[in-house]
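Working notes for the structure below.
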Amino acid sequence: MKQRILCLCCSVLVLFSCGFSARAYADVPEDIWYADAVRFVTEQGWMEGMGNESFAPEEAVSRAMAVTVLWRMAGAPQAEFPYSAYADLPDDLWYSQAAAWAYPHIMTGYPIVQEDPPVPTGIFLTFEAERSLTREQLAVVLYRYHRLQDPDITLPSGDLLAAFPDGVRVSPWAIEAMSWCLGEDLLRGSAEPDGLLLNPQGEVSRAQLATVLKRYYRSADFLIREQRFVGKAKDECQELITVAMSMDLER
């Protein structure tokens, strides 16, 4: 009995400290810039392949993909609101639970617009799962996700967007989130002929998402939270070990 419990405790500690074994994808060369990030998010169980041993690194991230990744990062919790919050969200799709969980704190939908007159009804929303996620939208959902973990979020001082020629193109609703992402080194811009650009309305690829998530995980705040979680797991395992030893002594 004691030996079985000890083995269970060791397995739990290995799981929390090391994650799952890496998976190789045929379309992710070992020496490409996003290889480590893809390996990391796969080990964490946040992102999966797209079939046929492929990761599809250049494929655009859809809203369904993005919300599912964040949901997995959060531990796949139960939704606070029902699926009926969205008119186009049945309860049996692979992203249904994630989309319901993310509403309204992380992802909100798009108001249904009447054709005549063309004004939002304000009653029903659509999730639009297949719509591609833009870089500024990624910044917003990640910022909202982090705010749920740490309400006392610290924003950087100064106008970080001014360092980019296209910083003025960031939508007003995304300025705070983009500034935070830049301050946390989650987004760095991309080298273009016109200079280092944010490209806020550009699509996010699966390789880029994996890279941003790895940077987010490695941030100091995330490591502190994980250390607390692992510390709690170690304490619980120590309690199991103590119980097992006492049971063995009673024999």
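The values are calculated or read from the model by the stated rules, or taken from the named source; none is laboratory data. Predicted model, so just to flag it, every value in this text is computed and none were measured. Glycine also receives a Cβ, built like all others from the backbone with ideal geometry; neighbour counts cover every protein chain displayed.
The rows are residues; the columns are (1) surrounded by 13 or more Cβ atoms within 10 Å (Cβ to Cβ); (2) of a type in the set (Ser, Thr, Tyr); (3) assigned to a loop (DSSP other than H, G, I, E, B); (4) free of Cβ contacts under 8 Å to residues at least 12 places away in the same chain.
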{"site": "LEU125", "(1), (2), (3), (4)": "yes, no, no, no"}
{"site": "VAL140", "(1), (2), (3), (4)": "yes, no, no, no"}
{"site": "TYR143", "(1), (2), (3), (4)": "yes, yes, no, no"}
{"site": "ALA177", "(1), (2), (3), (4)": "yes, no, no, no"}
{"site": "LEU187", "(1), (2), (3), (4)": "yes, no, yes, no"}
{"site": "PRO200", "(1), (2), (3), (4)": "yes, no, yes, no"}
{"site": "LYS214", "(1), (2), (3), (4)": "yes, no, no, no"}
Practice item. Can you run down the residue pairs with Cβ atoms below 8 Å, 6 or more apart or on separate chains, where the first is in segment 70-83 and outside the structural domain of ARG218 (by TED's automatic domain parsing) and part of a loop (DSSP other than H, G, I, E, B) and the partner is at pLDDT 95 or above and of a type in the set (Ser, Thr, Tyr)? Key: ALA74/TYR145
Study note, to complete from the structure: Checked segment 9-68 for anything part of a helix (DSSP H, G or I), of a type in the set (A, V, I, L, M) and modelled with pLDDT of 95 or more; matches are ALA35, ALA37, VAL38, VAL41, ALA64, MET65, ALA66, VAL67
Study note, to complete from the structure: Taking segment 34-62 and keeping residues surrounded by 15 or more Cβ atoms within 10 Å (Cβ to Cβ) and touching a strand residue (DSSP E or B) at 6+ places or on another chain (Cβ under 8 Å) leaves PRO57, GLU59, ALA60, VAL61, SER62
Revision key, fill the gap. Reported set for segment 156-170 where residues are surrounded by 13 or more Cβ atoms within 10 Å (Cβ to Cβ) and either among the basic types (Lys, Arg) or not in a helix (DSSP H, G or I) (or both) is PHE164, PRO165, ASP166, ARG169, VAL170
